[in-house]
Each structure stands twice: as structure tokens, then as C-alpha cells.
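Read-outs: derived from the displayed coordinates by stated rules, not from any lab. Because the structure is predicted, anything quoted here is derived from the model rather than measured. Positions of Cβ are generated from backbone atoms using ideal geometry, with glycine treated the same way; all protein chains shown enter the neighbour counts.
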Amino acid sequence: MLVHTGQHYDENMSEVFFSELGIPQPDYRLNVGSGSHGRQTAAMISSIEEVLLKEKPDALVVYGDTNSTLAGAVAASKLHIPVVHIEAGLRSFNKKMPEEVNRILCDHVSSFLFTPTQTGLHNLETEGLTRYMNDILAGRLKVSADAPAVFHCGDVMYDNSLYFASLAEQKSRLMQELNINQGEFILATVHRDSNTDVPERLNALFDAFFELIAKTGMKIVLPLHPRTRKNIASDPALEARISAEPRLMLLPPVSFLEMILLEKNCRLVLTDSGGVQKEAYFFEKPCVILRPETEWVELTRAGAAILADADTAKIVKSALDFLNTKCDFPPVFGDGKASEFICSRLINYLGR
């Protein structure tokens, strides 16, 4: 049974996923929309609780680190319904990020934690969440929020990327419409409020984009989050600079398949998105991370990504270095069958 909170309500950031990925229409639409973190999360907790009381599910599955993830975990845990957290164990060790708070709180009320990487598993071990696993595996202890089951499963986003990459090539004509060629453009995304809502940081990022265009002659394709577009519009000087540079290609939010297509065909990725960092790695594209830290430390350890924050000079240098060197992309996100692993464990343990 599928519950759509409505946290993401832009058509290209929400509805298009259902059609492109073949997801059934939601059984419930909460239509929460935007708002402050507290107001949005509170509205979701209340509405999700009503659904859980009515449907009495065996478990609630939540994914990632959004306010929807936290709201579902809080509502279910207080009703003693097992929480299944997929993408557990990630840590940036920066609690100023709302996503970090969401991850930690969700992990510590979950009964099942599926972590995509060895680093995630290590984090959960350090926090004491794996201490009952020997008893659980031996059948001596039933899985619960007090005795959670923790599994290293690989990354379901890797499953998705492998499955949908060829479909994206067949279905989307975005490359032709934008008149861009494989390997001849840079893909960028900027959406975190720590970047978009601080004018100095937002301008520093665009300074880097302009300088990279000048030094490489390459186009930069930038699908815009609604918040980013709003903050650009509130800065007339920045908006004028963007309008004067045709090689900086600002797009509306793109669909999932279109994003996969851009990631697969670009030369380099600049992003503050955790998901896009990973997808860049899946498609063997080097990545400059526009944040001071990352929860995906495997990428930086492999030398395929670098933390540049909103430092214009570091972004430009890192990007130019990547454009002039070849990176290695060792396998760290599983075998593309994380989804099957998760389903089999849930069927096994929830049936006990």
C-alpha cells in the first residue's frame, strides 16, 4: 500500500515518477505541500497516523532522509508498527543538515535497517544497533525496535539506474532538444537551502559555473529546483548574468528518466545532492560536491568525487583536474539486486 505525502509536489519532481517508473497510483495522497520543517513534518505525522490506524499494516517502509521519512518513522513507531528503513546508516556528521537529524532519528526507532554500504554498516555498529544480530540470525530473538535487524544490502538506487538507463535512452529526446552531445557538457544541480538561501553562497557557485564555461568552452546544463529558481529571481544582478550566458542552460525540473540520461551522457557533475552524487558514480562520472561534507564517503575515498563546498576557486580547480584525468570507480554499491535482497529478508522475518 502506497502513501504519497506530497512533500514533493512539482509535477516533474513527483507525478512523473509514477508514469515513468511504472509505479501504481498511491492509495493515499496526503497533499502536505511545502512549509517549515516543523509544520510540514507535523502535518505528515498526523495524516500518516490516521492511515496506519485504519489499515493496521504489518510494517511501514520508509526510504532515505526526507521529512516524509522521519514522519513515517515517528508515526509508526509510536503505534508499535515495525519501521523498515531503507538507506539506513548514512552519516554526514553535520547535524545542521535536517537530513542528518532525520536519518539518525529514523534509524533509532526502526526494526529493520537496510544499509547500502559497508560504511553505513560500520556507523550502525558504532551506534550499537547491530548488537542483537547474532541472536536474531540464530532465531533466539524476535526482531523489534529494541532489537533491530541490520543488513548490508547494496543500493536500490543502483538497481534503478541499471534498470532504467537503457529505457531513458529509448524514451527521451532531451539531448536532441537541447542540442547537446555526449561527453561535451557539464551537469550541475543546486537545491539545498544552505546554498540557495544564502546569497553569498549562491553567487559563489554561479561564479564557478561562469568561470568553468569561460575556461573550457563547455555548456553547463542546470535543471532548476523551484527554490533555486525563486532565489535567482530575487537577485536581479545574478539573473542578468545568467541571461547573458547562453552556454549556462537553465532547465525546469527534469523527469527521472531525463536526469538519468543527462547523468549518463555528461562529462562531469557538479552537485549538492546526495542522490546525484551516487548516480554520477554509477555512470562513472567524476563529481564535484558543492557541500562541505558528504554522507557518501566512498566516492571521495575512491578519488571519483571531491568536496569543494561553495568555494569558487576550489570548484573550478577540482572540475578542471577531473576533466584532465581519468578516475577509477570501484564497485561499492552492491550487485544491482538490493531490492530482491530486501524483499526476501522482510518476507522471512515479518512472517515469523
Projecting the Cα atoms of Ala313, Asn265, Leu299 onto the charge dipole of region 159-323, where Lys and Arg contribute +1 and Asp and Glu -1 at Cβ, the residue farthest towards the positive end is Asn265
Name the shape class, rounded, prolate or oblate, that the alpha-carbon gyration tensor gives for region 34-104, where a ≥ b ≥ c are the square roots of its eigenvalues, rounded holds for a/c under 1.5, and otherwise prolate holds if a/b is larger than b/c and oblate otherwise. oblate
Other residues with Cβ under 14 Å from the Cβ of Ala237 give, with Lys and Arg +1 and Asp and Glu -1, a net charge of -4
Can you compute the label reach from Glu340? Point 7 Å from Cα along the Cβ direction, backbone N cut-off under 14 Å, restricted to region 108-123. none
Cross-link pairs Lys264/Lys326; Lys264/Lys317; Lys96/Lys314; Lys96/Lys215 - those with Cα-Cα distance over 27 Å: Lys96/Lys215
Could you work out how far apart the two model spin labels at Ser234 and Asp197 are, taking each label as a point 7 Å from the Cα in the direction of the beta carbon, and quote it in nm? 0.9
Between 0 and 90°, nearest 10: helix 338-350 axis offset from the chain longest Cα axis: 20
Any idea what the dipole of the chain comes to, in debye rounded to 20, about its Cα centre with Lys/Arg Cβ at +1 and Asp/Glu Cβ at -1? 180
Let me know the charge dipole size of region 159-323 about its Cα centre in debye, to the nearest 20, where only the beta-carbon of Lys, Arg (+1) and Asp, Glu (-1) is charged. 280
Excluding Leu162 itself, what net charge comes from residues whose Cβ is under 10 Å from its Cβ, given Lys and Arg +1 and Asp and Glu -1? -1
How do Glu298, Glu20 line up, fewest other C-beta atoms within 10 Å first? Glu20, Glu298
Starting from the 7 Å offset along Cα-to-Cβ, what nm value, one decimal, do you get for the label separation of Ala244 and Ala214? 1.1
Between Gln176 and Arg29, what is 0.36 nm times their sequence separation minus the Cα-Cα distance? Round to one decimal in nm. 49.4 nm
Non-local residues with an amide H under 5 Å from the amide H of Thr5, with H modelled 1.01 Å from N and Pro and chain starts lacking one, are Leu30
As I understand it, the dipole of the chain uses +1 on the Cβ of Lys and Arg and -1 on the Cβ of Asp and Glu, about the Cα centre. Which of Phe164, Phe341, Gly274 lies farthest toward its positive end? Phe341
What's the ranking of 337-346, 265-274 by average number of surrounding C-beta atoms within 10 Å, highest first? 265-274, 337-346
Taking Cα atoms, the helix 256-265 axis meets the longest principal axis of the chain at an angle in degrees (rounded to 10) of 50
Helix 67-78: inclination vs the chain longest Cα principal axis, degrees, rounded to 10, gives 10
FRET efficiency for Ala313 and Lys142, Cβ-Cβ distance as r, R0 = 56 Å, nearest 0.05? 0.50
So if R0 is 22 Å, what FRET efficiency would Lys95 and Ser36 give, r being the distance between their Cβ atoms, rounded to the nearest 0.05? 0.80
Whole-Hz ³J(HN,Hα) from phi, Karplus 6.51 cos²θ - 1.76 cosθ + 1.60, for region 44-49, glycine and proline x: 5, 4, 4, 6, 5, 4
Would you work out which of Leu52, Leu79, Val62 lies farthest towards the positive end of the dipole of region 1-131? Charges go on Cβ: Lys and Arg +1, Asp and Glu -1. Leu79
Using R₀ = 30 Å, calculate the FRET efficiency as 1/(1 + (r/R₀)^6) where r is the Cβ-Cβ separation of Arg131 and Asp58; round to 0.05. 0.75
In whole angstrom, the spacing between the Cα centers of region 292-352 and region 243-271 equals 19
If each part is reduced to its alpha-carbon centroid, region 181-224 and region 70-141 end up apart, in Å, by 34
Dipole magnitude of region 225-352 about its Cα centre, charges +1 at Lys/Arg Cβ and -1 at Asp/Glu Cβ only, in debye to the nearest 20? 140
